[in-house]
1. Within segment 132-167, can you find the residues that are near the ligand (Cβ under 10 Å from one of its atoms) and more than 22 Å from the chain's Cα centre (by Cα)?
2. Among the numbered criteria (1) crowded, with 18+ Cβ neighbours inside 10 Å; (2) within 15 Å of the ligand (Cβ to nearest atom); (3) outside any loop (DSSP other than H, G, I, E, B), which one does Val35 miss?
3. For Asp450, which of the numbered conditions (1) assigned to a loop (DSSP other than H, G, I, E, B); (2) within 22 Å of Leu382 (Cα to Cα); (3) not aromatic (Phe, Trp, Tyr) fails to hold?
4. If I ask for residues that are more than 19 Å from Arg319 (Cβ to Cβ) and of a type in the set (Phe, Trp, Tyr), which ones from segment 407-454 would you list?
5. Does segment 149-158 include one or more residues that are outside any helix (DSSP H, G or I) and of a type outside the set (A, V, I, L, M)?
6. Taking segment 1-21, which residues are under 28 Å from the mean Cα position of the chain (by Cα), more than 8 Å from the ligand (Cβ to nearest atom) and either assigned to a helix (DSSP H, G or I) or outside the structural domain of Arg115 (by TED's automatic domain parsing) (or both)?
7. Is there a residue being surrounded by fewer than 17 Cβ atoms within 10 Å (Cβ to Cβ) and in the same structural domain as Asn337 (by TED's automatic domain parsing) anywhere in segment 383-397?
8. Where in segment 254-360 are there strands (runs of 3 or more DSSP E), lying wholly inside it, with at least 1 residues that are without any contact (Cβ under 8 Å) to a residue 60 or more places away in the chain?
Amino acid sequence: MSKRAEHTPELHIIGGGMAGSEAAWQAVQMGVPVVIHEMRPQVETFAHKTGDLAEMVCSNSFRSDDDEQNAVGLLHWEMRAAGGLIMEMADAHSLPAGGALAVDRDAFSAGVTERLRAHPLVRVEEGEISTLPEDGHWIIATGPLTSEGLGQAIAAETGKDALAFFDAIAPIVYADSLDMDVIWAQSRYDKGETEEEQKAYLNCPMTKDQYEAFIDALLAADKTEFHEGETAGYFDGCLPIEVMAERGRETLRHGPMKPVGLTNAHKPDQKAYAVIQLRRDNALGTLYNIVGFQTKMKYGAQTEVFKTIPGMENARFARLGGIHRNTFLNSPTLLDNQMRLRSRPHLRFAGQITGVEGYVESAAMGLLAGRMAASEILGRELPAPPPETAMGALVNHITGGAEAKTFQPMNVNFGLFPPLDGVRGGRRGRKERYKGYTDRAKELWQGWLDNAKAGELTE
Ligand SMILES: Cc1cc2nc3c(=O)[nH]c(=O)nc-3n(C[C@H](O)[C@H](O)[C@H](O)COP(=O)(O)OP(=O)(O)OC[C@H]3O[C@@H](n4cnc5c(N)ncnc54)[C@H](O)[C@@H]3O)c2cc1C
């Protein structure tokens, strides 16, 4: 260990998964010593199978690697530009998969583990941490399957309503893919003080025949089974729509699809038999979620069924619905833009527990938290990256851009990016628009990295 590192306070990271491993790597690159506290193999989860760091618990895909037309591909690009270990190992152990980045999972996590364990500034301590540390510098990156003891300790600090133990995700669509000649904006009974509030929801009307066909499609759709050990006593609070349909053909019409308090602005004299409502999902107004439509239908079935909804025939989905065991914070209310817990700023959070979703997004939030924590330890300021970058768009969403009341985990997608001036909207302009987003992001990300480097060199 160098003389300087000997006198630098340690950064402690709880959880050596996707986020914790990347956070550790970034911090040691900046000369900050790290202790990774990992409970496996002593304490297991229902999904992990090994004691390795950065284990991929399910699919072996990092999704699209297209950094010009795809937001997750752009995130790959940004992480590579930042010297990310997760991307380096994914590239080193990639498998042929068309435009996607698939990896040999065992070689990948063995590679991450070896690289971190061999680093002179890294120490791995095995064992569960089940209380919140009182002082020091900490990153909590314990993921969707955070151990019960630590989950309770976090809930005691944040309030139990601000920590979820499962997600119940309704699909999210891009606003510009909705047919506003069919859909109209209105809150039930025109509730609200301002016009904006009175028009807060978008409404898709259904006739009786359309409703009956929709129920048939829900009942027939392919569904995902729960993993063993995954179910909890949460079902009644947020039943999947297909389970509601199984309970009775009219159940949805008396629940999330009730047609009351609404008048079709396009056809005021036609009373809808059922109505599907969409609610704004981000401050930019580019994303809408389908209210009450959490579902365990398989992804293919979801797109097929939801595109039968009037006005949604050409809908593009920023994310599809799901229900999973998933521990995550209500980050918009709890975290500052440095990913610190407002009530205890010596604790940072990273990874899926912050309300992002997926291997890549979790590793990305680890990258950022690692750099931010190390900078703080070294007495430097590291501003959050610009919201026009994939990394900045994600962190901006979870720490403030998202609607806190309905906050659910999010994948990276272009709906999180501030719109571009002067490019065509809609399906036709998509290619040009996406290229515009990724070009803008790359330039700004490189600038952010260069500024961070310049900060290091001027000391
Ligand atoms: C069943 C399941 C399937 C999934 N499938 C996919 C998929 O196919 N594709 C995808 O992109 N994402 C998938 N995900 C999401 C995936 O878990 C995340 O994308 C990613 O692994 C999250 O990274 P993370 O670092 O936040 O958490 P993890 O990678 O889970 O890492 C958290 C680490 O913290 C450790 N830990 C937990 N509590 C403690 C404690 N108290 N003390 C010490 N250590 C602790 C755990 O052992 C683990 O190693 C899935 C999740 C689940 C639960």
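1. Gly149, Ala153
2. (1)
3. Tallying (1) assigned to a loop (DSSP other than H, G, I, E, B); (2) within 22 Å of Leu382 (Cα to Cα); (3) not aromatic (Phe, Trp, Tyr), Asp450 fails exactly one: (1).
4. Hits for segment 407-454 are Trp445, Trp448.
5. Start the filter on segment 149-158 by keeping residues that are outside any helix (DSSP H, G or I), which leaves none.
No, there is no match, as no residue in segment 149-158 is outside any helix (DSSP H, G or I) and of a type outside the set (A, V, I, L, M).
6. Across segment 1-21, there are no qualifying residues.
7. First, the residues of segment 383-397 that are surrounded by fewer than 17 Cβ atoms within 10 Å (Cβ to Cβ): 383.
Next, only the ones that are in the same structural domain as Asn337 (by TED's automatic domain parsing) stay: 383.
Yes; the residues of segment 383-397 include at least one that is surrounded by fewer than 17 Cβ atoms within 10 Å (Cβ to Cβ) and in the same structural domain as Asn337 (by TED's automatic domain parsing).
8. Details: elements: 274-280, 287-290, 317-319, 322-329, 344-349.
Correct list: 344-349.
The values are calculated or read from the model by the stated rules, or taken from the named source; none is laboratory data. Quick caveat, the model's predicted, so the values are computed rather than measured. Note that we place each Cβ from the backbone using ideal geometry, even for glycine, and neighbour counts take in every protein chain shown.
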